[in-house]
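Notes for the one structure printed next.
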Amino acid sequence: MIIKVNALGDACPIPVVKTKNAIREMAGAGTVETLVDNEIAVQNLTKMAQQKGYGVKSEKLSDNEFRVTMEIGEAVKAEADSLSADEAGEECPAAFGRKKRTVVAVTASVMGSGNDELGAVLIKGFLYALTQQEELPSTILFYNGGARLTCEGSASIEDLKSLEAMGVEILTCGTCLNYYALSDQLAVGGVTNMYEIAERLTRADLVVRP
């Protein structure tokens, strides 16, 4: 079975959402082909497929058209459709003994309001302070102006690399990187999309916004 998804012209996270819906509608194993018009969407779809264990490949059809093909096997789809222990633990963490999931959402390149120069010092100090905590966050999300902090020239790159080395997931919004023309300057962590950002925030036990 082959399902074709047209996500041309769709902004993040619509291509991911449409593809997930197509996979969900499949009665069994099959192939999903998604058409998108930018490389960030290709990266987001590829990352989603790899996380789910799907076979995935992409090809450039023209300057503004790409095709992402996912192969979903019977066993993989059954696993994806079922509730995993980790997902169940999100509903009842104590019962499953899961560690509390803390997500830090960084939405600007400064911390607080009043003076941006002071705010830049504060956000650098905050990210360094995270490296010294006994209980680390599971994920740090960077979006809007916060995307600048994970790119070349940021004073926080070494602290973020230290956090990543300690197991903290560092994710930056791809749409934001595109908007600020920083897509080729990401220096730490991975690129994410609004679907994944919403998923991380809604599944968190605690969200911290500095």
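How large, in percent, is the carbon and sulfur part of the accessible surface of the chain at a probe radius of 1.4 Å?
Values: 5490 of 10950 Å².
Carbon and sulfur atoms account for 50 percent of the accessible area of the chain.
Mind listing the long-range amide H neighbours of Gly112? Cut-off is under 5 Å, sequence gap 5 or more, other chains count too, H placed in the peptide plane at 1.01 Å from N.
none
Which ³J(HN,Hα) values in Hz, rounded to whole numbers, follow from the phi angles of region 170-177 under the Karplus curve 6.51 cos²θ - 1.76 cosθ + 1.60, where θ = phi - 60° and Gly and Pro get x?
10, 10, 10, 4, x, 4, 5, 4
Would you work out which of Val106, Leu206, Val121 lies farthest towards the positive end of the dipole of the chain, given +1 charges on the beta-carbon of Lys and Arg and -1 on that of Asp and Glu, about the Cα centre?
Among Val106, Leu206, Val121, the one farthest towards the positive end of the dipole of the chain is Leu206.
Could you sort the peptides 156-162, 102-108, 5-11, 169-175 by per-residue average Cβ neighbour count (10 Å cutoff), highest mean leading? Show your work: numbers first, answer last.
Values: 156-162: 18.3, 102-108: 20.6, 5-11: 15.9, 169-175: 22.4.
Packing proxy ranking, top to bottom: 169-175, 102-108, 156-162, 5-11.
Cα centroid distance between region 127-157 and region 170-190, in Å?
Taking the Cα centre of region 170-190 as reference, the centre of region 127-157 is 13 Å away.
Over the chain, what portion of Cα pair distances is larger than 22 Å, expressed as a whole percent?
On the way: 12068 of 21945 pairs.
Value for the chain (Cα pairs over 22 Å): 55 percent.
Once you charge only the Cβ atoms, +1 for Lys and Arg and -1 for Asp and Glu, what is the size of the charge dipole of the chain about its Cα centre, to the nearest 20 debye?
Dipole of the chain, to the nearest 20 debye: 220 debye.
Using 0.36 nm per residue, how much length does the chain from Glu65 to Leu8 gain when fully extended, once their Cα-Cα distance is taken away?
On the way: separation 57, 0.36 × 57 = 20.52 nm, distance 0.75 nm.
Full extension from Glu65 to Leu8 adds 19.8 nm.
What's the ranking of 33-42, 61-70 by average number of surrounding C-beta atoms within 10 Å, highest first?
Details: 33-42: 20.6, 61-70: 14.9.
Those peptides, ordered most packed to least, come out 33-42, 61-70.
Given the rule -39500 (n - 2.57) for each run of at least 4 DSSP H residues, summed and divided by the residues of the chain, what is its mean residue ellipticity at 222 nm, to the nearest 500 deg cm²/dmol? Walk me through the numbers on the way to the answer.
On the way: 9 runs with 86 residues, N = 210.
After summing the helix terms and dividing by the residues of the chain, the value is -12000 deg cm²/dmol.
So who's got an amide H within less than 5 Å of the one on Val191, skipping anything under 5 residues away but keeping other chains? H placed 1.01 Å off N, in plane.
The list, which skips near neighbours in sequence, is Thr172.
One quarter of the convex hull surface, Cα atoms only: what value does that give for region 129-172 in nm²?
3.0 nm²
Please report, to one decimal in angstroms, the Kirkwood hydrodynamic radius of region 1-74 built from all distinct Cα-Cα pairs. Provide the component values of the computation, followed by the final result.
Values: mean 1/r = 0.0839 Å⁻¹.
Computed over Cα pairs of region 1-74, the Kirkwood hydrodynamic radius comes out at 11.9 Å.
Once amide H atoms are placed 1.01 Å from N in the peptide plane, what residues at a sequence separation of 5 or more from Glu169, or on another chain, have their amide H within under 5 Å of its amide H?
Thr139, Ile140
Full extension from Arg203 to Arg24: what is 0.36 nm times the residue separation minus their Cα-Cα distance, to one decimal in nm? Don't skip to the end; give the middle numbers.
Numbers: separation 179, 0.36 × 179 = 64.44 nm, distance 2.02 nm.
Here the segment from Arg203 to Arg24 would lengthen by 62.4 nm.
Heavy-atom accessible area per residue, the chain, 1.4 Å probe: how many Å²? Write down the numbers at each step before the final one.
On the way: 10950 Å² over 210 residues.
Per-residue value: 52 Å².
Can you list the trypsin sites (Lys or Arg not before Pro) in region 100-151 that are in a DSSP coil and have 14 or fewer other beta carbons within 10 angstrom?
Details: sites: Lys100, Arg101, Lys124, Arg148; in loops: Lys100, Arg101.
Sparse-neighbourhood loop trypsin sites (Lys or Arg not before Pro): Lys100.
Pop out the ³J(HN,Hα) list for region 106-112 in order, Karplus 6.51 cos²θ - 1.76 cosθ + 1.60 with θ = phi - 60°, rounded to Hz; leave Gly and Pro as x.
9, 10, 8, 8, 10, 10, x
Give the Rg/Rh ratio for region 128-210, taking Rg as the radius of gyration of the Cα atoms and Rh as the Kirkwood radius, to two decimals.
Working: Rg = 12.2 Å, Rh = 13.0 Å.
Answer for region 128-210: 0.94.
What FRET efficiency would be calculated for the residue pair Met166, Asn115, taking the C-beta separation as r and a Förster radius of 30 Å, to the nearest 0.05?
Details: r = 31 Å, r/R0 = 1.04.
For R0 = 30 Å, the calculated efficiency reads 0.45.
Using unit Cβ charges (K, R positive; D, E negative) and no other charged atoms, how large, in debye to the nearest 20, is the dipole of region 93-210 about its Cα centre?
Numbers: 10 positive and 13 negative charges, 84 e Å.
The dipole magnitude comes to about 400 debye.
The values are calculated or read from the model by the stated rules, or taken from the named source; none is laboratory data. Given the structure is predicted, the values throughout are model-derived calculations rather than measurements. Positions of Cβ are generated from backbone atoms using ideal geometry, with glycine treated the same way; all protein chains shown enter the neighbour counts. Just so you know, the surface numbers come from the protein's heavy atoms only, side chains and all, with ligands and any DNA or RNA stripped out. Shrake-Rupley method; radii C 1.70, N 1.55, O 1.52, S 1.80 Å.
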